[in-house]
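One structure is given here, and the rest of the page talks about it.
The values are calculated or read from the model by the stated rules, or taken from the named source; none is laboratory data. None of the values given here were measured: they were computed from a predicted structure. Backbone-built Cβ (ideal geometry, glycine too); neighbour counts: all protein chains shown. Each accessible area value is taken on the protein alone, full model and side chains, heavy atoms only, with ligands, DNA and RNA left out. Shrake-Rupley method; radii C 1.70, N 1.55, O 1.52, S 1.80 Å.
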Amino acid sequence: MSDLQTFQKLAEARRSVYALNDQLPVSKEEVIKLVEHAVLHTPSAFNSQSTRLVVLMGEDHKKLWQITEDELRKIVKDDTQFEATKQKLEGFKAGAGTVLFFEDNAVVEHLQDQFALYADRFPVWAEHTSAMHQYVIWTALASLNIGANLQHYSPIIDEPVAKAWNIDSDWKLIAQMVFGGISEPAGDKQYAPLETRLKVYGN
């Protein structure tokens, strides 16, 4: 199999997997090395390297989702309405870990000062940078047969998360990627027609 075919197979394997457990098929150290490689080799606009990551495992992982539950409980008062949310959060908590994706606003603001012509674009490009890190890590996890799903509970959890893990005040939380052993694979995926999504011009 060529390198391209291998890459394409991994892209196909990367799915949103919600039925997770805390039994990883590889060591925690291997997961950390995977994340380290992504940090070093994922591109960023103007080589800003503005993405910041925090990996939570074990009790810290569970603590994150308990914090999320506590914060959402303040918003959803009705027990019946909250039950579905609680079940969803328990599913996240059942995983092995979570990668928190941040963007360093200090880096973004420095680039805005340095390249004033593009000042309004740097926050957008920072989001692009974060998205590339998310995709690289998600696909790499799939290569190890580790399931993952991506969540977005900002800004609801920003303050308690920053306090719990001593997060730099310049770091903006973008997303949370839950990962773990796969208890049940993702279901079939539906694809919109290519002809509505892709145009090709030229000889």
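Computed quantities for the displayed model
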item	result
Options D158, D120, D113, D168: the member that is within 25 Å of S44 (Cα to Cα), among the charged types (D, E, K, R) and in contact (Cβ under 8 Å) with a residue 40 or more places away in the chain	D168
Members of the range 135-165 that are assigned to a loop (DSSP other than H, G, I, E, B) and under 25 Å from D22 (Cα atoms)	L144, N145, I146, H152, Y153, S154, I157, W165
Meets criteria (closer than 17 Å to I146 by Cβ, of a type in the set (S, T, N, Q) and out of contact with any Leu (no Cβ under 8 Å at 6 or more places or on another chain)) for Q81	no
Every residue from the range 94-137 that is buried (at least 21 other Cβ atoms within 10 Å of the Cβ) and touching a Lys or Arg at 6+ places or on another chain (Cβ under 7 Å)	F102, E103
Qualifying residue in the range 138-152 (condition: within 30 Å of P185 (Cβ to Cβ) and β-branched (V, I, T))	yes
Given (1) part of a loop (DSSP other than H, G, I, E, B); (2) closer than 15 Å to L53 by Cα; (3) in contact (Cβ under 8 Å) with a residue 60 or more places away in the chain, index of the condition M132 fails	(1)
Residue in the range 58-76 that is open to solvent by 50 Å² or more (accessible area, probe 1.4 Å), free of Cβ contacts under 8 Å to residues at least 60 places away in the same chain and of a type in the set (G, A, S) present	no
